[in-house]
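What follows draws every value from the coordinates through simple rules; no lab data is involved. This one's a predicted model, so the numbers in the text were calculated from it and none came from an experiment. Using ideal geometry, Cβ is built from the backbone for each residue, glycine included, and neighbour counts are taken over all protein chains shown.
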Amino acid sequence: MRPTQPTSQNSDRPRQPRLAMHPRVQSSLFALVGCSLVLSWSYWLIEGGHRGELIEIDRADPLEAQFQVDINKAQWPELIQLPGLGETLARRMVSDRLQNGEFRSLEDLRRVNGIGVKTLDRLRPYLLPILQDTDWAAAESLPVGSSDQDRPPDG
């Protein structure tokens, strides 16, 4: 079998490359990309990018959550959330509380091996105050919804 010869009809027309996309699709895509670029540039301009006011996540100041922990009720997973307190020290605090009873004051934390004055001072803002026995009695004698200011002065 012989290869077919081009006919005279095909040889008269110059061969044009076949386009990957229809010209209308190309123009629509071009318009879409152009609009995206204009919108991105507008956002950058409005947010102060030209003035260097955009915040990069790596340079942003870290945020800290403010919370307080009741050391007589918290377990070690809660305690390790405190700054500078690792798992070992948190487990020691829970173990000491179980062996020696509840902490009567924040100063009682110093009986735990590894907690000194500096560590206690660093933890103090994150610890709920421990109410003394007299504080409990005063709090129970107040009607629900009232505060110490509502109570008549002693004397």
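Quick one: compute the contact order of the stretch 66-140, relative version, from alpha carbon pairs under 8 angstrom and 6+ residues apart, as a percent.
Averaging sequence separation for qualifying contacts and normalising by length gives 37 percent for the stretch 66-140.
Around Leu127, which amide H atoms from residues at least 5 apart in sequence, or from another chain, sit under 5 Å from its own amide H, with H modelled in the peptide plane?
Amide H neighbours of Leu127, under 5 Å, 5+ apart: Val69.
Just grab the label-to-label distance for Gln81 and Cys35, each label 7 Å out from Cα along the Cβ direction, in nm (one decimal).
4.6 nm
At a 10 angstrom cut-off on C-beta neighbours, averaged per residue, how do the peptides 24-36, 79-91 rank from highest to lowest?
79-91, 24-36
Please give the residues of the stretch 76-103, grouped as numeric ranges, whose backbone N is less than 13 Å from a label point set 7 Å along the Cα-to-Cβ vector of Leu120.
103, by backbone N distance to the label point.
Quick check: residue separation of Ile46 and Leu63 times 0.36 nm, minus the Cα distance between them. What number comes out in nm?
Extending this stretch completely gives an extra 3.6 nm.
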